[in-house]
Amino acid sequence: MRLSPPGGDNLNDRIEISGRKYSKRVLRILTGGDNKSPTEDILLLARVFDNPTEFTYLLEDVLKLKKLKRVRYALLRMQVECQLHMNEDMEGYSRWLWIARTIEKALFGSLLLGGEE
């Protein structure tokens, strides 16, 4: 089951890369608006955020990501996006926020933004 990303999902707002479709919005958040082709690690994160139910099946791949600054900054940007728009779609942004925090904690051992609740 594919869940719509927070803020809605217009099929025209998707881009195909290597035979897989990604939300342009998710890629823009994860890359910080960088117009260069996304790296494989960012594309993996985009798959998870595009369809959160896939996180269960992509967990091992996600945990194999290298601890690169770009990965951490991508997760940080997603957390900021979620906090800024939480009132628009509480369930969707809460799901994204949980995923971003879980991945950051698993890869880096802590959260840059804190968030211990």
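Readers should treat all values here as calculations from the given coordinates under stated rules, not as data from a laboratory. As the structure is a prediction and not an experimental result, all values here were calculated from the model. Heads up, the Cβs are rebuilt from the backbone with ideal geometry, glycines too, and the neighbour counts pull from every protein chain shown.
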Packing-ranked peptide list from 51-57, 97-103, highest mean Cβ count within 10 angstrom first, is 97-103, 51-57
Length gained if K67 through E88 is fully extended, taking 0.36 nm per residue and subtracting the Cα-Cα distance, is 4.4 nm
Quick check: pseudo-label points 7 Å beyond the Cα along Cα→Cβ at T39 and I17, how many nm apart are they? 1.2 nm
Taking only Cα atoms and a 10 Å spring cutoff, compute GNM fluctuations for the chain and point out the largest among I15, I29, I42. I15
If eta is 1.306 mPa s and T is 10 °C, what Stokes-Einstein diffusion coefficient results for the chain, Kirkwood Rh from Cα pairs, in µm²/s? 111 µm²/s
Would you list, by chain and number, the lysines whose Cα falls below 18 Å from the Cα of K67, excluding same-chain residues fewer than 8 positions away? K105
Whose amide H sits under 5 Å from the amide H of R14, counting only residues 5 or more places off or on another chain, with H placed in the peptide plane? K24
